[in-house]
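The values are calculated or read from the model by the stated rules, or taken from the named source; none is laboratory data. Nothing here was measured: the structure is a model prediction, and the numbers come from that model. Virtual Cβ from ideal backbone geometry, glycine too; neighbours counted across all protein chains shown.
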Amino acid sequence: MLDLILRRCALPTGGELVDIAVKDGRIAEVRPALEAQARDEIAVDGRLVTPSFVDSHFHMDSTLSYGLPRVNESGTLLEGIALWGELKPNLTGDAVKERARRLCRWSIARGTLAIRSHVDTSDPSLLAVRALLEVREEMKPWIDLQLVAFPQDGVLRLEGARDSLETALDLGVDVVGGIPHFERTMADGAESVRLLCEIAAERGLRVDMHCDESDDPLSRHVESLIYQTQRLGLHGRVAGSHLTSMHSMDNYYVSKLIPLIAEAGLHAIPNPLINITLQGRHDTYPKRRGMTRVKELMAAGVNVAFGHDCVMDPWYPLGSHDMLEVAHMGLHVGQMTGSAEMLACFDAVTTNGAKALGLDGYGLEPGCRADLVVLQCRNPIEALRLSPTRLYVIRGGRVIARTAPETTELTLGEASETVSFDF
């Protein structure tokens, strides 16, 4: 007896409708018209079933703190950093946990069951680190929360920052982070990359570095990240997040840089909503778009995964943690409206994110974890166009969230009709 069968599912890859069978939390079989019985069945009836969404870059320690202690009126990255510095002395562990739990519930409702969250390690008390480690364990049955030790104030710029970061890793934080463009000099930035990559190599950990989050075309710390990845044999374990200075670099230099990124196996993690909001703030017109070169990176074979980055915090006043909104914005800013390009943007919030995070058992093949989302649409391009209702969110073969299909009753003249959003 199977635990669950989803009947007549449309898959992201297209093709004929299939049934998906689940046993003991994993996908047991995927094929049309499965002749089997299960304790529970869901009639999907041609709607899209996808592996759960992945947010490859987020800041859960600051989420939902918008307006504390004040609002970022300039909208700049630097005012956001200054605001976070004002807020940190007033943080409490309980408040950080309460906001993080609420954000996780929003995420689950929208089908996002894996999040990589950076957590500031600049505070020697590591209050936020300890709080999010608790939330990670508490939410583990429903969501995979991967934490990055992030020295927001610079691992070399701030005295004691290295010790705090290493203590966070000792406590169980998963990934080594950094922010080389925020160090005092270009040389210090390069040195921070070397130091942090060596820490990761010694501990057998992954690296995810805020890298060149700047409009400055001479911010080229990704070069150092590539070099240290090659030197230390960290291929496939390193991500460069943001990489926004690439939008201002000249094409000749980028023609050298992108092949090096691909050669080192770096993952690139743009954050479309936030990158286009924070970057270009010093421009009049023409005004730069702010997001890195997604289309060109993908064409070179680089694994590109999108992140939400912020929801209602010192850097961004909006957001509901909907990864389809992120992909929708990435598609528009990257001018990726070809059919294959739109599908690639959908992958950037699903399979590419799972690859960047190193998630085991992710996918729709037999043997994969049954972490699935049923959407009120027929294919990935419709999903990007409509940001449809998540009808079912399934974790390990168990439904953990469900939403009624969206319909609208129209009254036009004397007649009324119900319009469904299954287009």
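Among the candidates Asp153, Asp216, Asp212, single out the residue that is at positive phi and modelled with pLDDT of 95 or more.
The unique qualifying residue is Asp212.
Could you please find all residues in region 112-132 being of a type outside the set (Gly, Ala, Ser), in a helix (DSSP H, G or I) and buried (at least 20 other Cβ atoms within 10 Å of the Cβ)?
Of the residues in region 112-132, the ones of a type outside the set (Gly, Ala, Ser) are 112-113, 115-116, 118-121, 123-124, 126-127, 129-130, 132.
Subsequent filtering for residues that are in a helix (DSSP H, G or I) retains 127, 129-130, 132.
Of everything in region 112-132, those that are of a type outside the set (Gly, Ala, Ser), in a helix (DSSP H, G or I) and buried (at least 20 other Cβ atoms within 10 Å of the Cβ) turn out to be Val129, Leu132.
Which residues, counting only those in region 104-128, are over 23 Å from Phe346 (Cβ atoms) and aliphatic (A, V, I, L, M)?
Of everything in region 104-128, those that are over 23 Å from Phe346 (Cβ atoms) and aliphatic (A, V, I, L, M) turn out to be Val119, Leu126, Leu127, Ala128.
Out of the residues in region 181-227 that are within 21 Å of Arg281 (Cα to Cα) and of a type in the set (A, V, I, L, M, F, W, C), which is surrounded by the fewest Cβ atoms within 10 Å (Cβ to Cβ)?
Leu218
Of all strands (runs of 3 or more DSSP E) completely enclosed by region 4-96, which ones contain at least 2 residues that are in contact (Cβ under 8 Å) with a residue 40 or more places away in the chain and in contact with a Cys (Cβ under 8 Å, 6 or more places away or on another chain)?
26-31, 48-51
What are the residues in region 82-134 that are within 17 Å of the chain's Cα centre (by Cα) and of a type in the set (Gly, Ala, Ser), if any?
Ala100, Ser107, Ala109, Gly111, Ala114, Ser117
Residue-wise test of (1) modelled with pLDDT of 95 or more; (2) surrounded by fewer than 21 Cβ atoms within 10 Å (Cβ to Cβ); (3) among the hydroxyl-bearing types (Ser, Thr, Tyr).
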| residue | (1), (2), (3) |
| --- | --- |
| His308 | yes, no, no |
| Leu324 | yes, no, no |
| Gly334 | yes, no, no |
| Thr337 | yes, yes, yes |
| Glu341 | yes, yes, no |
| Glu365 | yes, yes, no |
| Arg378 | yes, yes, no |
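Would a scan of region 280-299 turn up a residue that is closer than 16 Å to Glu341 by Cβ, at pLDDT 95 or above and among the acidic types (Asp, Glu)?
Yes; the residues of region 280-299 include at least one that is closer than 16 Å to Glu341 by Cβ, at pLDDT 95 or above and among the acidic types (Asp, Glu).
Does any residue in region 279-303 that is farther than 16 Å from Lys256 by Cα and assigned by TED's automatic domain parsing to the domain that holds Ala327 come within less than 6 Å, Cβ to Cβ, of a residue that is in a loop (DSSP other than H, G, I, E, B) and polar (S, T, N, Q) six or more places away or on a different chain, and which pairs are these?
Pairs that qualify, where the first residue is farther than 16 Å from Lys256 by Cα and assigned by TED's automatic domain parsing to the domain that holds Ala327 and the partner is in a loop (DSSP other than H, G, I, E, B) and polar (S, T, N, Q), are Arg281/Thr76; Gly290/Gln279.
Please verify whether Pro259 is within 26 Å of Asp313 (Cβ to Cβ) and either modelled with pLDDT of 95 or more or touching a strand residue (DSSP E or B) at 6+ places or on another chain (Cβ under 9 Å) (or both), treating the condition exactly as stated.
no
For the list (1) without any contact (Cβ under 8 Å) to a residue 12 or more places away in the chain; (2) closer than 26 Å to Gly15 by Cα; (3) hydrophobic (A, V, I, L, M, F, W, C), I need the number of the one condition that Ala415 fails.
All conditions pass for Ala415, except number (2).
Regarding region 337-350, can at least one residue be identified that is of a type in the set (Phe, Trp, Tyr), in the same structural domain as Thr63 (by TED's automatic domain parsing) and assigned to a helix (DSSP H, G or I)?
The answer is yes, given that some residue of region 337-350 is of a type in the set (Phe, Trp, Tyr), in the same structural domain as Thr63 (by TED's automatic domain parsing) and assigned to a helix (DSSP H, G or I).
Which condition breaks for Arg402 when tested against (1) touching a residue at least 12 places away in the same chain (Cβ under 8 Å); (2) under 26 Å from Trp142 (Cα atoms); (3) of a type outside the set (A, V, I, L, M, F, W, C)?
So Arg402 meets the others, but not (1).
Go through (1) closer than 24 Å to Asp19 by Cα; (2) among the hydrophobic types (A, V, I, L, M, F, W, C); (3) assigned by TED's automatic domain parsing to the domain that holds Gly25 one by one and return the number of the condition Leu386 breaks.
(1)
Across region 19-63, which residue is surrounded by the most Cβ atoms within 10 Å (Cβ to Cβ) among those that are within 15 Å of the chain's Cα centre (by Cα) and of a type in the set (Val, Ile, Thr)?
So the residue we want is Val54.
May I ask you to verify whether Ile269 is in contact with a Lys or Arg (Cβ under 9 Å, 6 or more places away or on another chain) and hydrophobic (A, V, I, L, M, F, W, C)?
yes
Where in region 264-334 are there helices (runs of 4 or more DSSP H), lying wholly inside it, with at least 1 residues that are in contact with a His (Cβ under 7 Å, 6 or more places away or on another chain) and either among the hydroxyl-bearing types (Ser, Thr, Tyr) or closer than 24 Å to Gly111 by Cα (or both)?
272-278, 323-333
When you go through Val349, Val393 one by one, which is the residue that is β-branched (Val, Ile, Thr), within 14 Å of the chain's Cα centre (by Cα) and surrounded by 24 or more Cβ atoms within 10 Å (Cβ to Cβ)?
Of Val349, Val393, the one residue that is β-branched (Val, Ile, Thr), within 14 Å of the chain's Cα centre (by Cα) and surrounded by 24 or more Cβ atoms within 10 Å (Cβ to Cβ) is Val349.
Tell me, which residue of region 147-174 that is in contact (Cβ under 8 Å) with a residue 40 or more places away in the chain and surrounded by fewer than 24 Cβ atoms within 10 Å (Cβ to Cβ) is farthest from Ile115 (Cα to Cα)?
Ranking the qualifying residues of region 147-174, first place goes to Ala161.
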